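S.K.: Sharing a structure with you now.
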2 protein chains.
Amino acid sequence: MTSVRRTLPLLLGLSFAALAADPLPSWHEGPSKQHIMEFVQAVTTEGSTDYVKPAERIAVFDNDGTLWTEQPAYFQVLFAFDEIKRLAPQHPQWKTTQPFQAVLENDHQALAQSGMDGLLKIIGATHTGISTETFIANAKAWLTQARHPKTGKPYTEMIYQPMLEMLDYLRSQQFKTYIVSGGDTAFMRAFAEVVYGVPPEQVIGSTFVTRFQISDGTPQILRTAKLAHNDDGPGKPESIDAVIGRRPILAFGNSDGDLQMLQWTAAGAGKRFMGLVHHTDATREWAYDRHSQVGRLDKALDEARTKGWNVVDMAADWRRIYPFEPVVQKQVQ
Amino acid sequence: MTSVRRTLPLLLGLSFAALAADPLPSWHEGPSKQHIMEFVQAVTTEGSTDYVKPAERIAVFDNDGTLWTEQPAYFQVLFAFDEIKRLAPQHPQWKTTQPFQAVLENDHQALAQSGMDGLLKIIGATHTGISTETFIANAKAWLTQARHPKTGKPYTEMIYQPMLEMLDYLRSQQFKTYIVSGGDTAFMRAFAEVVYGVPPEQVIGSTFVTRFQISDGTPQILRTAKLAHNDDGPGKPESIDAVIGRRPILAFGNSDGDLQMLQWTAAGAGKRFMGLVHHTDATREWAYDRHSQVGRLDKALDEARTKGWNVVDMAADWRRIYPFEPVVQKQVQ
């Protein structure tokens with residue numbers, strides 16, 4: 001804490017009392033919290049053999065299932081379904097065309113039958129053929145009025161309080177926090193700055209090919225239906241290399257889609273932190289791993305255990321899941 | 001200057017005397033310098049109708065011909081030629097295969113005949129099939145020992161002192177400075193941080209498709225021969241939208257390849273700054289515009305004049321071109 005105590009209060013006008021406060025109050029005392037704090041202390045202490053310059057303190061976080069809930073389905077998919085309903089009056093043929101008909105009739109069986117092809121049609125119809133600005137405005141409008149089917153809360157409140165604290169803590173220690181997610185980059189930019197404190201330029205995700213065009217004298221960026229980058233699995237270290245150009249020293253995920261990002265982070269020189277959120281709390285959130293359709297955690301769990309990565313046990317490690325919940329006082333055994 | 005005087009010295013420990021110093025000493029007094037300073041003052045003065053929050057102070061700069069020289073050819077192309085010579089012993093067939101033979105024999109005519117296809121083969125052979133780390137190490141090694149054919153200086157000294165001052169000035173006013181260039185992103189990252197003070201994550205350029213792979217237990221990012229993004233013309237606002245996700249309030253270029261980036265910047269709400277470096281100095285640098293093979297400035301020059309963008313007259317506006325030159329005292333008329 002030496003360097004923090006000496007320099008940060010001067011720079012930021014903070015009191016020593018504020019710094020002495022627990023930066024991770026929603027984490028139970030235990031190995032997960034301890035490992036996070038030891039790692040941060042090691043890489044930020046000047047003179048330490050593990051010291052990392054502020055510019056190189058890159059931390060990357062998956063989004064779905066790592067920073068917010070991904071059940072009963074990815075929120076972006078629920079957004080797409082709602083957009084189909086909103087846009088249906090302009091597309092009367094959808095009433096009798098799959099997979100749109102299935103969405104309009106809440107026909108889960110027909111929707112499941114339409115498979116990945118059907119989902120891509122739904123994503124295409126709601127995510128492309130419009131400008132980035134229009135798409136983000138649509139996403140913001142939805143996030144304002146839509147409610148989660150289980151909790152009745154806005155989706156932007158279905159975020160993990162312990163991870164919010166970790167993001168804040170890292171930033172207070174001059175880390176640059178990035179989101180690296182399979183979700184659509186522009187969709188995440190619609191809320192990441194307000195909800196997570198992560199600015200647009202630190203949001204990396206899947207992207208469509210765009211086209212700059214001038215219509216009626218106004219330049220716009222049109223989102224075409226062609227996928228430019230699928231930011232999942234190996235796509236994550238690839239986009240980290242392309243967009244950030246530095247190897248992270250800390251990476252956090254929750255599923256097999258994060259494995260390569262963790263491997264890439266782990267393979268760098270010096271001290272690193274690799275973390276997985278393990279969904280173990282069927283009461284307060286959801287419990288799933290190896291056999292889940294959403295956020296499957298199987299190979300990455302094995303590799304984490306083999307290599308001693310940090311597996312967060314949601315039920316045992318987190319005093320609180322969501323910001324709107326009361327704090328649970330139970331201590332980890 | 002009110003907000004600057006009040007807050008920056010406190011935050012950064014600067015003296016008022018340092019702030020009072022001219023931030024652009026290599027610019028002659030004249031409209032170009034005046035417009036830059038007026039713009040910065042307007043958008044950074046709290047309470048001004050033109051005020052822009054620090055997080056939104058995004059400034060984008062082309063590289064070739066805007067931050068460093070692009071004559072007699074793009075430096076990245078000269079790097080590729082030198083790499084062909086360095087790698088030739090491992091490729092004996094190059095001695096008798098075009099376009100490689102032309103490079104090895106300095107046969108400008110045969111090289112010209114090989115055209116764009118030939119150039120792409122040369123780029124492919126030197127820029128791809130290796131990891132990002134290896135490629136950047138190669139670029140760094142070249143930049144250390146290669147010398148510019150006209151001045152005999154390292155390429156990293158063929159940079160424009162007035163633009164370096166502008167980058168520093170903008171950053172001192174809490175702008176985030178980006179490079180947005182047709183050049184290869186990784187090539188620019190080999191020097192941008194040390195030379196321009198622009199960190200890797202603020203370098204945007206052309207990219208190849210990469211592939212994450214683990215060989216002998218070590219993860220690496222392999223650069224494949226397939227172009228992922230051509231960051232020229234419309235590709236510039238497209239990459240700005242994809243990577244930054246905010247519209248710049250200041251953009252600087254020097255050629256028609258920057259036109260769409262300037263149009264995109266100009267079309268935003270509020271006060272904006274659009275600048276072009278016009279190469280008018282055949283004595284100290286080069287003079288070229290509408291008919292140049294490299295860095296052609298034609299349509300963008302017309303649009304700049306029609307719309308009142310800032311066209312920097314290198315001969316008249318800059319007291320000094322390169323950091324290694326003495327300051328010229330001549331004043332602009």
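Read-outs: derived from the displayed coordinates by stated rules, not from any lab. Values in this document were obtained by computation on a predicted structure and should not be read as measured data. We place every Cβ from the backbone using ideal geometry, glycine too, and count neighbours over all the protein chains shown.
S.K.: How far is it, in nm, from the label point at B:Arg211 to the one at A:Val194 when both lie 7 Å from their Cα along the line to the Cβ?
M.R.: 4.3
S.K.: Further question: Using the crude model of +1 on Lys and Arg Cβ and -1 on Asp and Glu Cβ, and no other charge, please compute the dipole size for region B:75-145 relative to its Cα centre, in debye to 20.
M.R.: 100
S.K.: Let me ask something else. Between A:Gln93 and A:Asp298, what FRET efficiency comes out of the Förster formula 1/(1 + (r/R0)^6) with R0 = 41 Å and r the beta carbon distance, rounded to 0.05?
M.R.: 0.50
S.K.: If you don't mind, another one. Which is the longest part of chain B that has none of the GluC sites (Glu not before Pro) sitting in a DSSP loop with at most 11 other Cβ atoms within 10 Å?
M.R.: Longest stretch, sites excluded: B:106-333.
S.K.: For region B:75-145, calculate the relative contact order in percent as a whole number, restricting contacts to Cα pairs under 8 Å that are 6 or more residues apart.
M.R.: Relative contact order, region B:75-145: 32 percent.
S.K.: Say a site is exposed when it is one of the chymotrypsin sites (Phe, Trp or Tyr not before Pro), sits in a DSSP loop, and has at most 16 other Cβ atoms within 10 Å; what is then the longest site-free stretch of chain B?
M.R.: After excluding every exposed loop site, the longest remaining stretch is B:52-323.
S.K.: Under 14 Å from the Cβ of A:Pro25, count the other residues' Cβ atoms, weight Lys and Arg +1, Asp and Glu -1, and hand me the total.
M.R.: So the surrounding residues net to -3.
S.K.: So if the hydrodynamic radius of the protein assembly as shown is defined as the Kirkwood radius over C-alpha pairs, what does Stokes-Einstein give as its diffusion coefficient at 4 °C and 1.567 mPa s, in µm² per second?
M.R.: Translational diffusion coefficient: 48 µm²/s.
S.K.: Then there's this: Taking the Cβ of B:Ile123 as the centre, find all other residues whose Cβ is under 10 Å away and add up their charges (Lys, Arg: +1; Asp, Glu: -1).
M.R.: -1
S.K.: Give the separation of the Cα centroids, region A:33-71 to region A:189-248, in Å.
M.R.: Centre-to-centre (Cα) distance: 23 Å.
S.K.: Let me ask something else. Report, in deg cm²/dmol and to the nearest 500, the calculated mean residue ellipticity at 222 nm for chain B, where each DSSP H run with n ≥ 4 adds -39500 (n - 2.57) and the sum is divided by the residue count.
M.R.: For chain B, the value works out to -11000 deg cm²/dmol.
S.K.: Using a 10 angstrom cutoff on alpha carbons, build the Gaussian network for chain A and name the most mobile of A:Val43, A:Val77, A:Val180.
M.R.: Evaluated over chain A, the most mobile residue of the options is A:Val77.
S.K.: With r defined as the distance between the Cβ atoms of B:Thr306 and B:Thr283 and R0 fixed at 35 Å, what FRET efficiency is calculated, to the nearest 0.05?
M.R.: Working from the Cβ atoms, E equals 0.75.
S.K.: Can you name the chain B residue with its Cβ nearest the rotation axis from B to A, and give the distance in Å as a whole number?
M.R.: Taking the axis that maps B onto A, the answer comes out as B:Val243, 3.
S.K.: Okay, moving on. A:His291 label points, 7 Å along Cα→Cβ, one per copy: pairwise distances from this copy to the rest in nm, shortest first?
M.R.: Distances to the matching label points in the other copies: 7.7 nm.
S.K.: Moving to a separate point now. Roughly what % of Cα-Cα distances in region B:215-274 sit above 19 Å, to the whole percent?
M.R.: Cα-Cα pairs of region B:215-274 separated by over 19 Å account for 42 percent.
S.K.: If you don't mind, there's one more thing I want to ask. Take every DSSP beta bridge whose two residues both sit in chain B, then give the antiparallel share in percent to the nearest 5.
M.R.: Looking only at bridges with both residues in chain B, the antiparallel portion is about 40 percent.
S.K.: Count the net charge of all other residues whose Cβ sits under 10 Å from the Cβ of A:Ser206, scoring Lys and Arg as +1 and Asp and Glu as -1.
M.R.: -3
S.K.: Write down Rg/Rh for region A:197-312, rounded to two decimals, with Rg from the C-alpha atoms and Rh from the Kirkwood relation over Cα pairs.
M.R.: 1.09
S.K.: Moving on. Given the options A:Gly245, A:Gly183, A:Gly65, state which has the largest fluctuation in a GNM of chain A using a 10 Å cut-off (strictly under) for Cα springs.
M.R.: A:Gly245
S.K.: Can you give the FRET efficiency for B:Ala55 and A:Thr134, using 1/(1 + (r/R0)^6), R0 = 25 Å, r = Cβ-Cβ distance, to the nearest 0.05?
M.R.: Efficiency for this residue pair is about 0.65.
S.K.: So which residue, out of B:Met37, B:Met166, B:Met314, gets the largest mean-square fluctuation from a GNM of chain B using Cα contacts under 10 Å as springs?
M.R.: B:Met37
S.K.: Consider just the alpha-carbon atoms of chain B and return their Rg together with their Dmax, both in angstrom.
M.R.: 20.9, 68
S.K.: Other chains near A:192-202: what is the mean number of their Cβ atoms within 10 Å of each residue's Cβ?
M.R.: Average neighbour count from other chains, rounded to a whole number: 3.
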